[in-house]
Amino acid sequence: MPASSSSLEAPSLVFALCIARHSLFTAKGDPWLACGAGCWLWAVSRRKLPGSCGIRSFQIKRFLEDTDDAELNKFVKDFPGSESCHQPEAKTRVSRSHLESRPQTPDLCQDDLEFRPPSWPQSCDSQQFFTAPAPLSPSARPRSPWGKLDPYDSSEDDKEYVGFATLPNQVHRKSVKKGFDFTLMVAGESGLGKSTLVNSLFLTDLYRDRKLLSAEERIMQTVEITKHAVDIEEKGVRLRLTIVDTPGFGDAVNNTECWKPVAEYIDQQFEQYFRDESGLNRKNIQDNRVHCCLYFISPFGHGLRPLDVEFMKALHHRVNIVPILAKADTLTPPEVERKKCKIREEIEHFGIKVYQFPDCDSDEDEDFKLQDQALKESIPFAVIGSNTVVEARGRRVRGRLYPWGIVEVENPGHCDFVKLRTMLVRTHMQDLKDVTRETHYENYRAQCIQSMTRLVVKERNRKLWAKSKQVLGSP
Ligand code: GDP
């Protein structure tokens, strides 16, 4: 020690020097203690306190600058009575680890109450506990639980990224958590295989409690709208599927305007949604809008019947219509082709706008483009439905067993069932929802707003006219 101990007359003075240096220059100590010791040193150096004899300010300065940490620590530790003055190491460490683990939470716990870190400027050593942690390098970042989807889980991980390439993952995660919904309407004459097809498509039994009416009852029956909802889960993804059926459609002797209740139902769902989204609380709006309507065409006629044309023309601006050629197993392959051609021609001839598949992006791969083309050419989908599993060539398949053979529902050589399911569920479900929202609902909404505006203008004109009549009439 350069400041000779002989020149320090009071041991307490030496101790104060140690504490002051220790606290001020290493910033590990209590700042109040450092302040107190500093004030006392100042007083001593100004010869204001006893025990200052023989000490010069330059000696204090040299003492503070030259003494190394180890010497000071030892001195502070060995000095009698120092236990009460130096910092409670254990408590400080607890508090620090507490701060380290929760750098931004100001919650109070027992340790916080006993030791509070000062709020004045910190030394660089203590600052590291209060600043935000530096971003982890990509290799040190925890692996995403979404494995394959994480664009950073690649060999290029050693590059630095901002991280917004994970945005699709965040959307994916949120959507999966929320679940999906889809509302499908099936329309067409009864007995065309609508319920059988729906059950085959979603592998559920949605019509368990369906009551079939007798011929007499059917004559009297008007078109009804029924709803069946089911929650399906596949690979952790939840889908709330709602099937809207139209029993009684086309069953009456006179079927004029039997499309009306269907059109009204679709409009009611739009109206409900319009009300909900114009209301104050727009959270948890129940979306019952119909996203798609499978319209079943009989395989026994020659193309479209007047009822089919009427229905599709009345509804094509309200809902995505997907025409279906029902019970395709009752037709030979050339017959299926001929019927499909005829129906397509008539659809065009009557100006019916069935659901249009979106165009493929130019950068899509060839396989996808071919699949898309095949889908477009399959309209109307010629389908076969069955709820029974039969044995065909040693395999158990969903199909229909006839004395002359088996028709397999999922065999692309037998019908378009797989194409329809692929389109409906795997490739175009979201597009059907988007078109419903962006086109059909927007049309409805625009019409609503227009008629509301017209009403307001009419009312204002009526009031103006009444007022002017009053003015002109008064003497
Ligand atoms: P929906 O009234 O339109 O719902 O018709 P259903 O699904 O109840 O079917 C009526 C009848 O047609 C039932 O006997 C079904 O087994 C039968 N069926 C359903 N789909 C097909 C099919 O693709 N081909 C044939 N040949 N019969 C079918």
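If we scan region 267-279, do we find a residue that is at pLDDT below 85, more than 36 Å from the chain's Cα centre (by Cα) and away from the ligand (no atom under 16 Å from the Cβ)? There is no residue in region 267-279 that is at pLDDT below 85, more than 36 Å from the chain's Cα centre (by Cα) and away from the ligand (no atom under 16 Å from the Cβ). For Gly193, state whether it is small (Gly, Ala, Ser), away from the ligand (no atom under 14 Å from the Cβ) and either open to solvent by less than 30 Å² (accessible area, probe 1.4 Å) or modelled with pLDDT of 90 or more (or both). No, not satisfied.
Write out, first by first residue and then by second, each pair whose Cβ atoms fall under 6 Å of each other, whose residues are 6+ apart or on separate chains, and whose first residue, in region 332-356, is free of Cβ contacts under 8 Å to residues at least 40 places away in the same chain while the second is open to solvent by less than 70 Å² (accessible area, probe 1.4 Å) and in a loop (DSSP other than H, G, I, E, B). Qualifying pairs under 6 Å: Lys353/His316. Among the conditions (1) in contact with a strand residue (DSSP E or B) (Cβ under 6 Å, 6 or more places away or on another chain); (2) open to solvent by 20 Å² or more (accessible area, probe 1.4 Å); (3) more than 16 Å from the ligand (Cβ to nearest atom), the only one that Asp365 does not satisfy is (1). Residues that are farther than 29 Å from Asn411 by Cα and either of a type in the set (Val, Ile, Thr) or touching a Cys at 6+ places or on another chain (Cβ under 7 Å) (or both): does region 324-341 have at least one? No, because not a single residue in region 324-341 is farther than 29 Å from Asn411 by Cα and either of a type in the set (Val, Ile, Thr) or touching a Cys at 6+ places or on another chain (Cβ under 7 Å) (or both).
Filter region 172-190 down to the residues that are of a type in the set (S, T, N, Q) and closer than 22 Å to His316 by Cα, then identify the one that is farthest from the ligand (Cβ to nearest atom).
Top of the filtered list is Thr183.
Return yes when Asp372 is surrounded by 12 or more Cβ atoms within 10 Å (Cβ to Cβ) and more than 16 Å from the ligand (Cβ to nearest atom) and no when it is not. So Asp372 fits the description; yes. Taking every residue in region 398-421 that is free of Cβ contacts under 8 Å to residues at least 40 places away in the same chain and closer than 17 Å to Gln371 by Cβ and pairing it with any residue that is open to solvent by 20 Å² or more (accessible area, probe 1.4 Å) and within 13 Å of the ligand (Cβ to nearest atom), at least 6 positions away or on another chain, the pairs with Cβ-Cβ distances below 6 Å are Val418/Glu410. Tell me whether region 338-350 contains one or more residues that are within 16 Å of the ligand (Cβ to nearest atom), more than 30 Å from Glu442 (Cα to Cα) and open to solvent by 80 Å² or more (accessible area, probe 1.4 Å). So far as region 338-350 goes, no, none of its residues is within 16 Å of the ligand (Cβ to nearest atom), more than 30 Å from Glu442 (Cα to Cα) and open to solvent by 80 Å² or more (accessible area, probe 1.4 Å). Across region 270-283, the qualifying residues are those that are in contact (Cβ under 8 Å) with a residue 40 or more places away in the chain and not hydrophobic (A, V, I, L, M, F, W, C), and the one among them that is most open to solvent (accessible area, probe 1.4 Å) is Glu271.
Search region 173-186 for residues that are within 16 Å of Cys293 (Cβ to Cβ) and pair each with any residue that is exposed (fewer than 11 other Cβ atoms within 10 Å of the Cβ) and of a type outside the set (A, V, I, L, M, F, W, C) when their beta-carbon atoms are under 7 Å apart and the residues are at least 6 apart or on different chains. As it stands, the answer is none, since no pair meets every condition given. State whether one or more residues within region 327-344 are outside any helix (DSSP H, G or I) and within 25 Å of Gly248 (Cβ to Cβ). Within region 327-344, one or more residues are outside any helix (DSSP H, G or I) and within 25 Å of Gly248 (Cβ to Cβ). What do you reckon, is Gln371 in a helix (DSSP H, G or I), at pLDDT below 90 and closer than 26 Å to Val237 by Cα? Yes: the conditions hold for Gln371. Scanning region 284-322 for residues that are of a type in the set (S, T, N, Q), open to solvent by 20 Å² or more (accessible area, probe 1.4 Å) and touching a helix residue (DSSP H, G or I) at 6+ places or on another chain (Cβ under 7 Å) turns up just one, Asn288.
The values are calculated or read from the model by the stated rules, or taken from the named source; none is laboratory data. These numbers were taken from a predicted model, which means no experiment stands behind them. Counting neighbours? That spans all protein chains shown, and the Cβs are built from the backbone with ideal geometry, glycine included. Ligands, DNA and RNA are stripped out before the accessible areas are found, and what is left, the full protein with its side chains, is counted by its heavy atoms. Shrake-Rupley method; radii C 1.70, N 1.55, O 1.52, S 1.80 Å.
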